[in-house]
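Quick notes on the structure that follows.
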Amino acid sequence: MTARTLVSLVQNCKVYQFHNTSDTARIRQRWSIEDNRYLREDGANLGSVLLRLKETEPKHYRIIVDTLTQITPFHILLFLFIQQKKYYEG
């Protein structure tokens, strides 16, 4: 890999910040289920993106969930349950 290639890769990286978990954080607010193509930098549409992956790319969804569960098992499972409940209850 050349330095030019490495610089190009790093410049195209996005930073995602999910550290704001306050009641007013966008990640905790309702979000359009249609906004699911790309993950927003603040994670606001995380539930929408994960639901799309679950329905259209179950193998990739499972890899994500399994990886996150290794890091923080209770929190990710609770988050997924809450997001799914919001979706199905409307």
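The values are calculated or read from the model by the stated rules, or taken from the named source; none is laboratory data. Since the structure is predicted, the reported quantities are computational estimates derived from the model, not experimental observations. All Cβ positions, even for glycine, are placed from backbone atoms using ideal geometry, and neighbour counts span all protein chains on display. To get the accessible areas, we keep the full protein, side chains included, count just its heavy atoms, and leave off ligands, DNA and RNA. Shrake-Rupley method; radii C 1.70, N 1.55, O 1.52, S 1.80 Å.
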Could you tell me the accessible area of residue 55 in Å² (1.4 Å probe, neighbours in place), rounded to the nearest ten?
110
Could you pull out the trypsin sites (Lys or Arg not before Pro) across the stretch 1-51 that fall in loop regions by DSSP (anything but H, G, I, E, B) with no more than 11 other Cβ atoms inside 10 Å?
14, 30, 37
Calculate, in nm to one decimal, what residue 6 and residue 56 gain on full extension: separation in residues at 0.36 nm each, minus their alpha carbon distance.
14.8 nm
